[in-house]
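This report refers to the structure that appears directly beneath it.
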Amino acid sequence: MSQVELIELSKSYEKQKDILKAINLFIKEGEFFVLVGPSGSGKSTLLRMIAGLEEISGGILKINNELVNHLPPKDRNLSMVFQNYALYPHLTVEQNILFGLKAKKVGKQEQQRRLKEAAEMVGLTELLKRKPRELSGGQRQRVALARSIVSHAPLCLMDEPLSNLDAKLRSNMRVQIRRLQKRLGFTTIYVTHDQVEAMTMGDRIMVLNDGKIQQVGRPITLYNEPANLFVASFIGSPKMNIGKAHFLAKHKRLTVENELSITVDPSIARGLPLDRPLTIGIRAEHLLPGTTENTTHYLEVVNVEQLGNETSIAFDVGTELWTAKWPGQWPIQVGQKVPVHLSSEHLLFFDSETGSLIQSASQAKKQEVLVI
Amino acid sequence: MSMSSLAIQTNEINLEYVEQVKKRQRMKNLLKGVLFLLPSIILFSAFVFYPMIRTIYLSFFLTNTSGVTTVFVGLENYINLFKSPIFLKNIQSTFLFVLYTVPATVIISLFLAIIASEKLKGIGFFRTIFSSTMGISVAAASVFWMFLFNPTMGLLNQLLKSIGVEPIGWLTDPNWALLSVSVTTIWMNIGFTFLVLLGGLQSINSYLYESADIEGAGYFYKLRRITIPMLSPTLFFAITVSIINAFQTFGQIDILTQGGPQNETNLIVYSIYREAFVNYQFGSASAQAVVLFIMILFLTAIQFKLGERKVHYQ
Ligand SMILES: Nc1ncnc2c1ncn2[C@@H]1O[C@H](COP(=O)(O)OP(=O)(O)OP(=O)(O)O)[C@@H](O)[C@H]1O
Ligand SMILES: [Mg+2]
């Protein structure tokens, strides 16, 4: 099982400078490491650099404490699932899966054993004699997955391997991959757009934007204490509600988007720079329905989505659209003013200028302490 | 009751109407198709179909010197051909020529294409060089090689002399003439074949090689399991065209050897030309042409049959 170390890694193309800037990262043995970021942020590029398919413009890449900057892909001992599958169109599924094993002259019996195991795992047993063009997108993706499984490489790189599967198969495959990874113990670097995948699969997540690391950490940490506004709005679905805010009246009251006024607990206000422009964030599940005793605000509903087990309600707050997620089914009409409970202990505070986190929600912190 | 039967009736009428419209559309499509084909139909008729039918017709007659039919002789022209040792020799030479030139051309071009498809600095220069013979006319190339083959002044014999070997009559020695012409032909055909194969190589998706690299495949493994199969349609095309070209070789023979020595290089097309325009035997020449046509047709058909199994079309 490999460990991977990136030191000041950077990438520039002739046409475009600084696709990736000074990436420092340490991926532990057997870790399931997830890379997320918006399209074009450089995820695939980073993965391809680790694989050896893309020249490293600057910095050091170490696998198992050995410098591998100069090694060709085949000497790095890894497997990869490509974003576009990269199946061999002239070979059958079986030949595709066994391509690498034949190249490495693995014994015939061992080949068949691994083939059978992998085919069963991804549910391709029936399709072994087909050519890739006779498969659906999802089936092709599973062939690509099987191909990397049979290699038994200690490091597996996956570039959005589930992006073409339907929702049911996707959640099934998510569990499968995770279980497989636990069983075989290989280190995985997994690129995805889908932040549900990121949250549920990753031991740790790295958020990448514009070629720069935004934050690295455990999924829950990223969710509760996003390092900046970008991570805050990228991790979690629906995205975190955000609004410009400033303090009024002796630091007791906070005005959000010039519309809402929130009383702030002194213990929370204590750590805040009161003279600077702030941006606050609050998760959808913390924008609670107000009861007769605790209602703090009345907000006008602009959209309601009934999801069955919960109701997603959108409000207009200044220039922002805020979303609340309430468990159960709520008979609410658009245009109605509904009572909500907004408590300062759920608020995250960001510096409006730099975007970085000043203080995370005190409620979340308390919970974490309890867990530890 | 009457309402529903009425509804069924109108449905039927509608269906009939739909059928009519469909039919009209089909007719329109057919007409359009024929219209598009018309230019090539006219050209092909004037320059391919008519001459072909005329050739077949002529092959059953004796003619006078201006090509006017005189006596109907049936299959006599053909029978005479296959009794003639010279014609049989010509066929043999032609097949030998194909055998000498086609595999060598394709293999050398493939090799050059593979090394030229590497991403190296200045590779464009080599690509230009390798494909440059495509831009040289048969006449120019033949004259150039004639100088090389010249028994006394030619570079080849000069070289042989300098290492103390007897000079060779490249174009005059019956043992060497066909080989010499073949070498010239190979040199001339490499340009085109190289270009076609290079194009084929470049269209192979680079992801396949990346994936193979990661899976630990070596250079020759990739060549055998990815490059050659993915290139097979192009390769098939190159081979077919090369074979047909080889069967139809004329220019270099006319300039270099005129079919000599001792008919060693008298390939069929050249033989047809001599029979018709030197001996004025248009009937017999036409018969030869028909035999050549059948041979090429037959070979190409076999190739397609074999190709079906081996070629991977995407
Ligand atoms: N060969 C190249 N030359 C120049 N720029 C490139 C090249 N390949 C990629 N890029 C640029 O690098 C950036 C990162 O691309 P990359 O493929 O890594 O994005 P990504 O994060 O994987 O996106 P996606 O989620 O859409 O797959 C993009 O802005 C892209 O335009
Ligand atoms: Mg990508």
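The values are calculated or read from the model by the stated rules, or taken from the named source; none is laboratory data. Keep in mind the model is a prediction, meaning the values are calculated, not measured. With ideal geometry, Cβ positions are generated from the backbone for all residues, glycine too; neighbour counts draw on all protein chains shown. Protein only, heavy atoms only, side chains kept; ligands, DNA and RNA dropped before computing areas. Shrake-Rupley method; radii C 1.70, N 1.55, O 1.52, S 1.80 Å.
Assorted remarks:
- Count of residues meeting criterion [open to solvent by 40 Å² or more (accessible area, probe 1.4 Å), out of contact with any Asp or Glu (no Cβ under 9 Å at 6 or more places or on another chain) and part of a loop (DSSP other than H, G, I, E, B)] in region A:267-294: 8
- Residue pairs whose Cβ atoms lie under 7 Å apart, sitting 6 or more positions apart in sequence or on different chains, and linking a residue in region A:216-236 that is closer than 16 Å to A:Phe349 by Cα to a partner that is assigned to a helix (DSSP H, G or I) and among the small types (Gly, Ala, Ser), are A:Asn224/A:Ala364; A:Pro226/A:Ala232.
- Residue within region A:73-83 that is in the same structural domain as A:Asp203 (by TED's automatic domain parsing), within 16 Å of ligand 2 (Cβ to nearest atom), in contact (Cβ under 8 Å) with a residue 12 or more places away in the chain and open to solvent by 40 Å² or more (accessible area, probe 1.4 Å) present: yes
- With a requirement of 1 or more residues that are within 30 Å of A:Val150 (Cβ to Cβ), the helices (runs of 4 or more DSSP H) lying completely within region B:161-257 that satisfy it span B:177-202, B:206-214, B:219-222, B:228-247.
- Close contacts from region B:238-249, counting a first residue that is touching a residue at least 12 places away in the same chain (Cβ under 8 Å) and more than 11 Å from B:Pro103 (Cβ to Cβ) and a second that is open to solvent by 10 Å² or more (accessible area, probe 1.4 Å) and not in a helix (DSSP H, G or I), with Cβ to Cβ under 8 Å and a gap of 6+ residues or different chains, come to none at all.
- Residue in region A:42-72 that is nearest to the other protein chains (Cβ to nearest Cβ), counting only those that are free of Cβ contacts under 8 Å to residues at least 40 places away in the same chain and aliphatic (A, V, I, L, M): A:Leu53
- Total residues in region A:152-178, condition within 16 Å of ligand 2 (Cβ to nearest atom), within 14 Å of another protein chain (Cβ to nearest Cβ) and open to solvent by 50 Å² or more (accessible area, probe 1.4 Å): 0
- Taken over region A:93-131, the residue count meeting the criterion of being within 14 Å of chain B (Cβ to nearest Cβ), closer than 27 Å to A:Ser171 by Cβ and either of a type in the set (Phe, Trp, Tyr) or surrounded by fewer than 19 Cβ atoms within 10 Å (Cβ to Cβ) (or both) is 0.
- Residue among B:Ser211, B:Ser286 that is buried (at least 17 other Cβ atoms within 10 Å of the Cβ) and more than 14 Å from chain A (Cβ to nearest Cβ): B:Ser286
- Where A:Leu46 falls short, out of the listed (1) at negative phi; (2) open to solvent by 10 Å² or more (accessible area, probe 1.4 Å); (3) within 11 Å of ligand 2 (Cβ to nearest atom): (2)
- Residue in region B:148-159 that is within 19 Å of the chain's Cα centre (by Cα) and not in a loop (DSSP other than H, G, I, E, B) present: no
- Any chance A:Ser44 is under 25 Å from A:Ser136 (Cβ atoms) and more than 16 Å from ligand 1 (Cβ to nearest atom): no
Yes/no matrix, rows are residues, columns are (1) closer than 26 Å to B:Ile255 by Cβ; (2) β-branched (Val, Ile, Thr):
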residue	(1), (2)
B:Phe61	no, no
B:Asn90	yes, no
B:Phe97	yes, no
B:Thr105	yes, yes
B:Phe111	no, no
B:Ser117	no, no
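- The lone exception for A:His193 - which of (1) touching a Lys or Arg at 6+ places or on another chain (Cβ under 8 Å); (2) within 16 Å of ligand 2 (Cβ to nearest atom); (3) open to solvent by 30 Å² or more (accessible area, probe 1.4 Å) it fails: (1)
- For region A:207-225, the set of residues classified as open to solvent by 30 Å² or more (accessible area, probe 1.4 Å), not in a helix (DSSP H, G or I) and not aliphatic (A, V, I, L, M) consists of A:Asn209, A:Asp210, A:Lys212, A:Gln214, A:Arg218, A:Glu225, listed by residue number.
- Boolean, A:Gly107 is in contact (Cβ under 8 Å) with a residue 12 or more places away in the chain and in the same structural domain as A:Val81 (by TED's automatic domain parsing): no
- Condition check for A:Lys17: within 14 Å of another protein chain (Cβ to nearest Cβ), more than 16 Å from ligand 2 (Cβ to nearest atom), assigned to a loop (DSSP other than H, G, I, E, B) and out of contact with any strand residue (DSSP E or B) (no Cβ under 6 Å at 6 or more places or on another chain): no
- Only one entry in B:Ser162, B:Ser142, B:Ser109 is of a type in the set (Ser, Thr, Tyr) and modelled with pLDDT under 90, namely B:Ser162.
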